[in-house]
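Okay, so here's the structure we're looking at.
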Amino acid sequence: MANYSVNQKESISSYPCFQLGKSRFDQGTFIGRFRHFLDVIDPSTLFTTKQQLRNAILLLEEYKDGQLPSGVDDQHLWEAQKIKQAIIHPDTGEKVLMPFRMSGFVPFGSPIVVGLLLPNPTFGATIFWQWLNQSHNACVNYSNRNATKPTPPSRFILGYVGAVTSAVSIALGLSALVKRANRLSPATRLLIQRFVPFPAVSAASTCNVVLMRNSELHEGIDVVDQHGTVVGTSKAAAKKALQETAATRAFLPAPILLIPPFVMNILEKTRFLRSNPRWNLPIHAAVVTASFGIALPLAISIFPQMSQFVGEDDKWWSRVRGDKYI
């Protein structure tokens, strides 16, 4: 039996009454969603031991059975649920591989973003980093997919191929245009070149979601009432869901791929980096990681996971977005 002690450094009042399968934070507000996703991408769960995972799963089972050990409070339950949700797929019950967990998205994705933002890349480097980025995204999306309904592998392959093709094509096309812009100074061309990855990744992410979920426009998606009971399917709700998800995918790379070039353009002009160019890459990596860690939860908090939809009969229903991240 695991020992349960209260962490005195964090106020117990910050933990509301535990609700199994629910978020600890208010999902009806942007701040609540932001705090929720900070929890979701928290990389500290990557260091969870097998015993800690077993204890967390056991504690949640004891909660469901109404047989909680003495000394267990809401904080322990919320932390146990955080660990389980970070590691175990909710539909398959299997462990998600560490690089493809949402908690691993920033630490494993940051080196790729650094590669995407390297100054003055060759065509070969552009192809490699765009391919690697979309491959990582595809693995994350597949590992965290909604497995309650079987999805044909061909749909994942179609989305992957479409995303890689669009990302590489746009990145190479824009890079070629920038290099041919002879009227621009070399410094200006280099600055513009740093922003090329954003439209490429943004377009690829949008293309991926459209290819992956276009069938929903014909089949509709489940809509539920205020009690969470499925009341039917709706094509109109599917259209709204696809539009919001595509908008999120298009915006998501913006702060991650736009903030570091701005920051690095300023830092590279400082006396320190001009005198110590070897520090350029480490500082670049730190800026990317910081931007990634803050911008990711900000971007995916724009739209609620559950949003309201006005049906054709003028009644309000809630519908599940089923959104996946970048």
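Tell me whether region 234-241 contains one or more residues that are basic (Lys, Arg), under 24 Å from the mean Cα position of the chain (by Cα) and either surrounded by 14 or more Cβ atoms within 10 Å (Cβ to Cβ) or not in a helix (DSSP H, G or I) (or both).
Pass one, region 234-241, residues basic (Lys, Arg): 235, 239-240.
Remaining after also requiring under 24 Å from the mean Cα position of the chain (by Cα): 239-240.
Next cut, either surrounded by 14 or more Cβ atoms within 10 Å (Cβ to Cβ) or not in a helix (DSSP H, G or I) (or both) only: 239-240.
Yes - at least one qualifying residue is present in region 234-241.
Kindly indicate whether residue 123 is at pLDDT 85 or above, of a type in the set (Phe, Trp, Tyr) and under 23 Å from residue 254 (Cβ atoms). So that I can check it myself, show each step before the final result.
Values: at pLDDT 85 or above: yes; of a type in the set (Phe, Trp, Tyr): yes; under 23 Å from residue 254 (Cβ atoms): no.
Taking the combined requirement at face value, the residue does not satisfy it.
If you go through region 128-140 one residue at a time, do you hit one that is modelled with pLDDT of 85 or more, part of a loop (DSSP other than H, G, I, E, B) and more than 18 Å from the chain's Cα centre (by Cα)?
Pass one, region 128-140, residues modelled with pLDDT of 85 or more: 128-140.
So of that shortlist, the ones also part of a loop (DSSP other than H, G, I, E, B) come out as none.
Checked against the condition, which is being modelled with pLDDT of 85 or more, part of a loop (DSSP other than H, G, I, E, B) and more than 18 Å from the chain's Cα centre (by Cα), region 128-140 yields no hits at all.
Determine the pairs where a residue that is farther than 14 Å from residue 19 by Cα, located within region 56-74, has a partner that is part of a helix (DSSP H, G or I) and of a type in the set (S, T, N, Q) with Cβ atoms under 8 Å apart, the partner being 6 or more residues away or on another chain.
56/81
Mind checking which pairs have a first residue in region 114-135 that is within 22 Å of residue 99 (Cα to Cα) and of a type in the set (S, T, N, Q) and a second that is open to solvent by 60 Å² or more (accessible area, probe 1.4 Å) and in a helix (DSSP H, G or I), Cβ under 6 Å, 6 or more apart or different chains?
Listed pairs, sorted by first residue: none to list.
Within region 97-118, is even one residue open to solvent by 80 Å² or more (accessible area, probe 1.4 Å), within 22 Å of residue 305 (Cβ to Cβ), of a type outside the set (Ser, Thr, Tyr) and in a helix (DSSP H, G or I)?
Among the residues of region 97-118, not one is open to solvent by 80 Å² or more (accessible area, probe 1.4 Å), within 22 Å of residue 305 (Cβ to Cβ), of a type outside the set (Ser, Thr, Tyr) and in a helix (DSSP H, G or I), which makes the answer no.
Test residue 202 against the criterion of being of a type outside the set (A, V, I, L, M, F, W, C) and touching a residue at least 12 places away in the same chain (Cβ under 8 Å), and give yes or no.
Values: of a type outside the set (A, V, I, L, M, F, W, C): yes; touching a residue at least 12 places away in the same chain (Cβ under 8 Å): yes.
In short, yes.
I'd like to verify a number: residues in region 194-226 that are in a helix (DSSP H, G or I), surrounded by fewer than 18 Cβ atoms within 10 Å (Cβ to Cβ) and touching a Ser or Thr at 6+ places or on another chain (Cβ under 8 Å), how many?
Result for region 194-226: 1.
Checking residue 267 against (1) open to solvent by less than 20 Å² (accessible area, probe 1.4 Å); (2) at pLDDT 80 or above: exactly one of these is not met. Which one?
(1) is the only condition that residue 267 fails.
Please determine, by comparing only the residues of region 143-186 that are small (Gly, Ala, Ser), closer than 14 Å to residue 208 by Cβ and touching a Leu at 6+ places or on another chain (Cβ under 9 Å), which one is surrounded by the fewest Cβ atoms within 10 Å (Cβ to Cβ).
162
Sort through 75, 52 and tell me the only one that's buried (at least 17 other Cβ atoms within 10 Å of the Cβ), part of a helix (DSSP H, G or I), of a type in the set (S, T, N, Q) and modelled with pLDDT of 90 or more.
Working: 52 fails: buried (at least 17 other Cβ atoms within 10 Å of the Cβ).
After ruling out the rest, the residue left standing is 75.
The values are calculated or read from the model by the stated rules, or taken from the named source; none is laboratory data. The shown structure was predicted, so the numbers you read here are calculated from the model rather than taken from an experiment. Neighbour counts run over all protein chains shown; Cβ positions are idealised from the backbone, glycine included. With ligands, DNA and RNA removed, areas are computed over all heavy atoms of the protein, side chains included. Shrake-Rupley method; radii C 1.70, N 1.55, O 1.52, S 1.80 Å.
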